[in-house]
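Everything below concerns the one structure shown next.
The values are calculated or read from the model by the stated rules, or taken from the named source; none is laboratory data. All values reported here derive from a predicted model rather than from experimental measurement. Please note: Cβ atoms are built from the backbone with ideal geometry, for glycine as well, and neighbour counts cover all protein chains shown. Only protein heavy atoms, including side chains, enter the accessible area calculation; ligands, DNA and RNA are left aside. Shrake-Rupley method; radii C 1.70, N 1.55, O 1.52, S 1.80 Å.
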Amino acid sequence: MIILKAEDITVGYTEVDILHDVGIRVKSGEIVSIIGPNGAGKSTLLKTIFGILKPRNGSVTLKDEDITGLNPDKIARKGISYVPQVENVFPSMTIQENLEMGAFIRDDDYSQRIDEVYDLFTVLRERKKQKVGHLSGGQRQMVAMGRALMLDPQVLLLDEPSAGLAPVLVSDIFEKIMEINATGVAMIIVEQNAREALKMAHHGYVLAMGRNVLDDKGEALLANEEVGRLYLGG
Amino acid sequence: MEIGGIIAYLVSLAIMAGIYAVFCLGLNIQWGYTGLFNIGIAGFFCIGAYATALITTPKPTGMYAHYVQQIFGLNLPFIFGLLGAAIICGVIAFLIGIPTLKLGEDYLAIATLGIAETFRLIFNNEHWLANGPRGLMGLPQPLQGLVDPRHYNYIYLIVVVIIMVLIYLSIERAIRSPWGRVLRAVREDEVSAGMSGKDIFRFKMQSLVFGAMVMGIGGALYAHYTKAISPDVFTPLYGTFIIWVMLMAGGSGNNKGAILGAYVVWGIWIGAKFMTDFLPYTLKARAPYIRFLLVMILLEIILIYRPQGLLGEEKKVSKLIE
Amino acid sequence: MAELIVYGIVLGSIISLGAIGLSLVYGILRFANFAHGDFLTAGAYVALFMVTGVLSWIGIPDNTFGSLSFGWRMVIAFPISMVVVGCVAIALDRILYRKLRQKGSGAVMLAMSSLGAAFIIRMIILIIWGADSLFYRPGLMRPALEVPLGIKIRPDQILILFVVLFLVVLLHLFLKKTKMGKAMRATADNMELALISGINTERIIIWTWGIGGALAAAGGILYGIDVQLHPYMGWNFLIPLFAATILGTIGNIYGALIGGLTIGIAQQVSTAFLLPTYKLAVAFIIMILILLIRPKGIFGKE
Ligand SMILES: Nc1ncnc2c1ncn2[C@@H]1O[C@H](COP(=O)(O)OP(=O)(O)O)[C@@H](O)[C@H]1O
Ligand SMILES: [Mg+2]
């Protein structure tokens, strides 16, 4: 079943269009990876799905509901969470407070959810009173993902979760992503680490110059010679 | 009022507006072309006026020295007063620029505001410097003996207009030069990769100093017009904000707009004075406040609905590049 | 000297109330609110209007509490004035700043607009009350208590310290314990992420103005009780407020508290060497020194 669908998205920050008729589909429980060169418009696509940018054309559909152009808080309520590429934590607040902010729109008791997030990222539990600004890059990324998980989303949008991390940490983060996915959360992951991202992915999309170039099963893209040459660094 | 009286009144109005136009031109260099947020114009106004007063009057002697104290008095001609005012204001601007120009825009604003208030305090309290709150009097006027003192204002209007035009022309020249192009690039943050933070600092500093020198001349022109100055003249309202309203109204980044704004807003200001004359007696004492209230509301309206002012910015840079 | 330091703490605590609000607003909206000083003035005069107008008219008795210089009227007027000025601050945001924000005007345009607002507030006060100094209780003798170290202090001043302490603790609890307070800190930290987390940042902005305005009003009233009321009182606080805010690192309210106390003490101690009218210049010089030595303030990261 297709849980999230973006079709014919045309969008830009100014009058200039950055994305041209871009589309993407996510089946429930799936990991979809988006790869492509810098400036291709990958982050822009995620921002549009999450309602930060309003598309000039095209639609975003969650299950059967049209959510095009809704504001981020509305979209969050409908079950999508988003982890931006940069500045994705509240640095002067503690880990615990960051997670609470993730649950801002929840009015019920979310203490159990916080426990679950700490179970996933056990290092965070030990430091819950620490300010996030003092943490290492890997731990910050965990806080960022933890914050996004607080709403128990059906779809999680991750923008370059491994960017700027040491190689050992990268595999840690990818492992966590697999664990999250195993709980049934569908994901869109934008990655520079294209090879790793495609290995995890059920399905992959290649984006370049704001357009869809290719899409296929993860392993099929990995095996594709042209993709290998152009986007996976040989 | 008979016709001669009306003309004399218009002349005095034109002189004051012309002096304000000089300030607007100075502010336009800083704000319009470089984006420097100076809200202490009154400080340069004050310093320019006092500088020329000390340069062009003699140091009191004998009996007089008991009544008027001043640190020095050079008794030099008008033109030296203008130059001295410009130079001293330039130096002060340089000193303010050092700690603030590398930081955000707001810091310069707070610092210039502080300078303006501090100088007003100094001139008010330090009697030995320039006679404290009573201020200095008897400033000479250029070409004084030429006509009947009753008609002197015509001469001074010509002096003001000539100086205003000279300043206008020199700013226009500077702005059309490569230097001016860099200034706007600095303002728009479109700085080319070849420019280091140090270069940007230098350009901002040059603009700040240039603008402050023009303001110093404005202060001097004012002092020689009224022939008497005291610290209470250089308040934030008369010395700073009305000038901002003028520039915003005329169009920042446009020297013609700066001059036009000065004349239009000064006209409105004087017009409002006539209107408040009709107020009931009980409110009359508060009339200046009502006028300032109206001017500030005008400023807010301009900021929201017509931030480009009457004329808007001239697109000289792009013309040059094409 | 000890006495000057104590007076400095009293003055500094009043500056802190203003600086905390200024810092809060700066932290969230990223512009220098030049109308903040005039919020202090507005607070003082709204309380005056209550004390000498409304409350006397509805017949609240005028007697004072023991050796303090005020009574029930002020106790009622104080919170009302805080609420009124908080609403004034919110109204300015709705009428002016929000429009500019939506148009994408830069921080300088907002600062310029706040300057205009500062004068609008002051001119309204001048039109209504005129330019003279006023007192909540004209002609009242205000005896000082003698405490150890030969310090003379008025009961009013001791109370001022307690009121400031109370308000600061209240604010601290609000920011640390309540959902809205935490959301406010989150918004100051990272506005975009706050939006992404579903925080209604426009509502946060309203709260910020409300709290900033209310604290400023409290500062203005306390200064009016301690010294006097004057239409320019808030304007004369503006440079000390900015000095305190910058010293304590912009956006850091605990820094603003320390900055306020430091500036207040420095200003009072300076009167041992300089004319009291130079207090403002002292705050200014300290600010310039901070900008030269440590522009990000004591809590800033280089
Ligand atoms: N905030 C922005 N304002 C204007 N243009 C932007 C902004 N963010 C990104 N862009 C432009 O949009 C294009 C796509 O950027 P982005 O989506 O970040 O690419 P990617 O994430 O694939 O590297 C780039 O050309 C970039 O310059
Ligand atoms: Mg990106």
**Q.** Selected residue [in a strand (DSSP E or B), more than 16 Å from ligand 1 (Cβ to nearest atom), within 10 Å of chain C (Cβ to nearest Cβ) and surrounded by 15 or more Cβ atoms within 10 Å (Cβ to Cβ)] from A:81, A:92
**A.** A:81
**Q.** Within segment B:57-86, considering residues that are under 22 Å from the mean Cα position of the chain (by Cα) and loosely packed, with under 14 Cβ neighbours inside 10 Å, the one farthest from residue B:26 (Cα to Cα)
**A.** B:77
Q: Go through the residues of segment A:38-46 one by one and say whether even a single one is open to solvent by less than 10 Å² (accessible area, probe 1.4 Å), at pLDDT 95 or above and more than 16 Å from ligand 1 (Cβ to nearest atom).
A: no
Q) residue C:41 versus (1) touching a helix residue (DSSP H, G or I) at 6+ places or on another chain (Cβ under 6 Å); (2) β-branched (Val, Ile, Thr); (3) part of a helix (DSSP H, G or I); (4) open to solvent by 30 Å² or more (accessible area, probe 1.4 Å): which is the lone unmet condition? A) (4)
Q. When you go through (1) more than 16 Å from ligand 1 (Cβ to nearest atom); (2) part of a loop (DSSP other than H, G, I, E, B) one by one for residue A:86, which number turns out not to apply?
A. (1)
Q | Complete set of residues in segment B:71-125 that are among the small types (Gly, Ala, Ser) and in a helix (DSSP H, G or I) | A | B:81, B:84, B:85, B:86, B:90, B:93, B:97, B:109, B:111, B:114, B:116
Q) So which residues in segment A:95-107 are more than 7 Å from chain C (Cβ to nearest Cβ) and under 16 Å from residue C:180 (Cα atoms), if there are any at all? A) A:96, A:98, A:99, A:103, A:106, A:107
Q: Run down C:109, C:74 and say which single residue is buried (at least 16 other Cβ atoms within 10 Å of the Cβ) and either within 14 Å of chain B (Cβ to nearest Cβ) or free of Cβ contacts under 8 Å to residues at least 60 places away in the same chain (or both).
A: C:109
Q) Does at least one position in segment A:214-230 carry a residue that is of a type in the set (Val, Ile, Thr), farther than 17 Å from residue A:27 by Cα, within 16 Å of ligand 2 (Cβ to nearest atom) and buried (at least 19 other Cβ atoms within 10 Å of the Cβ)? A) no
Q: Filter segment C:286-299 down to residues that are assigned to a helix (DSSP H, G or I) and surrounded by 15 or more Cβ atoms within 10 Å (Cβ to Cβ) and give me whichever is nearest to the other protein chains (Cβ to nearest Cβ).
A: C:291
Q: Considering each residue of segment C:233-251, count those that are more than 10 Å from every other protein chain (Cβ to nearest Cβ) and outside any helix (DSSP H, G or I), and give that number.
A: 2
Q. Does segment A:11-47 hold any residues that are among the hydrophobic types (A, V, I, L, M, F, W, C) and more than 18 Å from residue A:69 (Cβ to Cβ), and which are they?
A. A:16, A:26, A:31, A:32, A:34, A:35, A:40
Q: All but one of (1) more than 14 Å from every other protein chain (Cβ to nearest Cβ); (2) open to solvent by less than 60 Å² (accessible area, probe 1.4 Å); (3) touching a residue at least 40 places away in the same chain (Cβ under 8 Å) hold for residue C:121, so report the exception by its number.
A: (1)
Q: Out of the residues in segment C:92-106 that are surrounded by fewer than 20 Cβ atoms within 10 Å (Cβ to Cβ) and more than 9 Å from chain B (Cβ to nearest Cβ), state the one that is farthest from residue B:36 (Cα to Cα).
A: C:94
Q) How many residues does segment B:100-123 hold that are more than 7 Å from chain C (Cβ to nearest Cβ) and surrounded by fewer than 20 Cβ atoms within 10 Å (Cβ to Cβ)? A) 3
**Q.** Test set (1) out of contact with any helix residue (DSSP H, G or I) (no Cβ under 7 Å at 6 or more places or on another chain); (2) within 14 Å of ligand 1 (Cβ to nearest atom); (3) β-branched (Val, Ile, Thr); (4) in contact (Cβ under 8 Å) with a residue 24 or more places away in the chain - residue A:3 fails condition number
**A.** (2)
Q: Kindly establish whether residue A:18 is more than 18 Å from the chain's Cα centre (by Cα) and within 16 Å of ligand 2 (Cβ to nearest atom).
A: yes
Q. What single numbered condition from (1) more than 14 Å from chain C (Cβ to nearest Cβ); (2) more than 16 Å from ligand 2 (Cβ to nearest atom); (3) of a type in the set (A, V, I, L, M); (4) buried (at least 18 other Cβ atoms within 10 Å of the Cβ) fails to hold for residue A:156?
A. (1)
Q | Residues that are within 15 Å of residue C:117 (Cα to Cα), more than 9 Å from chain C (Cβ to nearest Cβ) and under 21 Å from the mean Cα position of the chain (by Cα), drawn from segment B:299-315 | A | B:302
**Q.** Unique residue being in contact with a helix residue (DSSP H, G or I) (Cβ under 7 Å, 6 or more places away or on another chain), open to solvent by less than 10 Å² (accessible area, probe 1.4 Å) and touching a residue at least 12 places away in the same chain (Cβ under 8 Å) when the list is B:312, B:218
**A.** B:218
Q. Only one of (1) hydroxyl-bearing (Ser, Thr, Tyr); (2) within 21 Å of residue A:154 (Cα to Cα); (3) in contact (Cβ under 8 Å) with a residue 40 or more places away in the chain; (4) away from ligand 1 (no atom under 16 Å from the Cβ) is not met by residue A:68, so which one is it?
A. (3)
Q: Sort out which residues of segment C:173-219 are outside any helix (DSSP H, G or I) and more than 10 Å from every other protein chain (Cβ to nearest Cβ), and write them in order of number.
A: C:178
Q. Which residues, taken from segment C:124-138, are more than 8 Å from chain B (Cβ to nearest Cβ) and open to solvent by 20 Å² or more (accessible area, probe 1.4 Å)?
A. C:128, C:129, C:131, C:132, C:133, C:134, C:135, C:136, C:137, C:138
Q. Is one or more of the residues making up segment B:134-150 small (Gly, Ala, Ser) and either within 14 Å of chain C (Cβ to nearest Cβ) or under 18 Å from the mean Cα position of the chain (by Cα) (or both)?
A. no
Q: Name every residue in segment A:40-78 that is small (Gly, Ala, Ser) and either within 16 Å of ligand 2 (Cβ to nearest atom) or away from chain C (no Cβ under 11 Å) (or both), in order of residue number.
A: A:40, A:41, A:43, A:58, A:59, A:69
Q | Search result, residues across segment B:250-309 that are small (Gly, Ala, Ser) and either open to solvent by 60 Å² or more (accessible area, probe 1.4 Å) or more than 30 Å from residue B:164 (Cα to Cα) (or both) | A | B:285, B:287
Q. Does segment A:18-33 contain any residue that is open to solvent by 60 Å² or more (accessible area, probe 1.4 Å), among the charged types (D, E, K, R) and within 16 Å of ligand 1 (Cβ to nearest atom)?
A. yes
